[in-house]
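Accompanying notes for the structure given below.
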Amino acid sequence: MGKDDVHVDTIDFGKKVLHLAWHPSGQWAFVLCELAGYIVTCSWDGAAGRLAPTSKVFSLADGVTPSRAHHSGGAHIAASADGRMVYATTRTD
């Protein structure tokens, strides 16, 4: 089963998933939730074609208020080539 045939366990992605980035190892996926502002780390079971959430963090620093009142403005997510960093952008001022 390829990554085009993905089944996702029940995850509260905050209503809209905008982007997903794969860790270089292929063992994890990082999901950016546009409206809620969370980055959800999911483990990947390639044999079953299943993503399962393992952790969730807010994409904005403490004290930063989104410039869009109705959502945090998550825009893009990427993992570094060595897999040590995950980068996310937001549409905030």
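Scanning the range 39-64 for residues that are of a type in the set (D, E, K, R) and either surrounded by 16 or more Cβ atoms within 10 Å (Cβ to Cβ) or not in a loop (DSSP other than H, G, I, E, B) (or both) returns 45, 50, 56. Considering the conditions (1) crowded, with 17+ Cβ neighbours inside 10 Å; (2) modelled with pLDDT under 80, residue 30 is excluded by exactly one of them, (2).
The values are calculated or read from the model by the stated rules, or taken from the named source; none is laboratory data. On a predicted model such as this, the values are computed, not experimentally measured, just so you know. Heads up, the Cβs are rebuilt from the backbone with ideal geometry, glycines too, and the neighbour counts pull from every protein chain shown.
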